[in-house]
1. What is the stretch 153-287 by shape, rounded, prolate or oblate, if you read a ≥ b ≥ c off the alpha carbon gyration tensor as root eigenvalues and call it rounded for a/c under 1.5, prolate for a/b larger than b/c, and oblate otherwise?
2. Could you work out how much longer the chain between residue 158 and residue 206 gets when fully extended? Use 0.36 nm per residue separation minus the Cα distance between them, nm to one decimal.
3. Please list 210-219, 243-252, 190-199 highest first by mean number of surrounding beta-carbon atoms within 10 Å per residue.
4. Could you give the length gained by full extension between residue 104 and residue 190, i.e. 0.36 nm per residue of separation minus their alpha carbon distance, to one decimal place?
5. Dividing the alpha-carbon radius of gyration of the stretch 160-213 by 2.2 N^0.38 Å (N being the number of residues), what value is obtained?
6. Using mean Cβ contacts within 10 Å as the protection proxy, how do 261-267, 99-105, 225-231 order, highest first?
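Derivation of every value follows stated rules applied to the coordinates shown; laboratory data play no part. Not measured: the values here are computed from a predicted model. We place every Cβ from the backbone using ideal geometry, glycine too, and count neighbours over all the protein chains shown.
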Amino acid sequence: MVFSSISLLTHSVLQLAPYIRCAQRVFVRVRGSLIHTSNCWRLPGVSLRHIRVNHRRSPPVRSPRDTSRPPYSPNRIPKMPAVASPPPQLFFSNDIATMDEWAKRTGIPLTTAEALGTNYARARRWLLSIRATLVQEHGWRDVTPLDSRLLFDIECPTPYRSSRGLPRSPNMRLQLPINASSFFSRERRVQWEMVFHSALFPGLRHTVPAVADLLHLLQCLLTGMVVLIKEEQVPGEGVYRTIRGLPPVEWVSSHEAALVEIFGTSHYRQLFRAASDTRVAFKLERA
């Protein structure tokens, strides 16, 4: 009986022998490289050449993480994310030559310091109403004691805070002189730069109409003294600077009555024409 069992087992192994090869060391060439597989089971009639051919004909397999994007192509250049240019910055300059250049562009003569002072004095009531709006509606407060050379001096806490609620910069401060001639004083140039180059106008002119009104009114009163400058990088050419010396024509039109009261009709008409012409209101130059 034992002998019969052994004979039956031997017969079964001999029948399966053609189908089994034990742990052959096989080298498969894949795309010019030799890959060694230590445990490759083969069936009768299947050669290594057949494996190589079938591998070449089989489509490339991509991992699941790559299925969302197309195959790489050397002719397809990936798009780089757009780099946002910095916002326009306010720039103060009491250079008379610069103001004279803007006077020639706009067709509004620079005239005399006395005439500039007269228009500024006529705008005093409007300037004081802007101060009242900021104090009553936007949380600004007067700085005391008031310097006798100033029309007003106000401040407010900075809106820029850290994650812990601490202020990132000192209080914003807004000062205007009682006379326009103070803008051209060499001793006070730094004082006005601290006002106009601070975070006040970039941070609030789009959200607080009174701040925008103040900027636009000063651009009308003393064109070229306070301008908006935007720098942009042009590939292959360098940096270009766009300078805006006048307010938007929509603002000029909506404040016609107040501007006519300050400048007169003929001056207002020339101001409106200059503001409506982008070739006049803007100046492009290479940085």
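1. Oblate, since a/c reaches 1.5 and b/c is not below a/b.
2. 15.7 nm
3. Going from most to least packed, we get 210-219, 243-252, 190-199.
4. 28.2 nm
5. The reported ratio for this selection is 1.37.
6. Highest to lowest by the protection proxy: 225-231, 99-105, 261-267.
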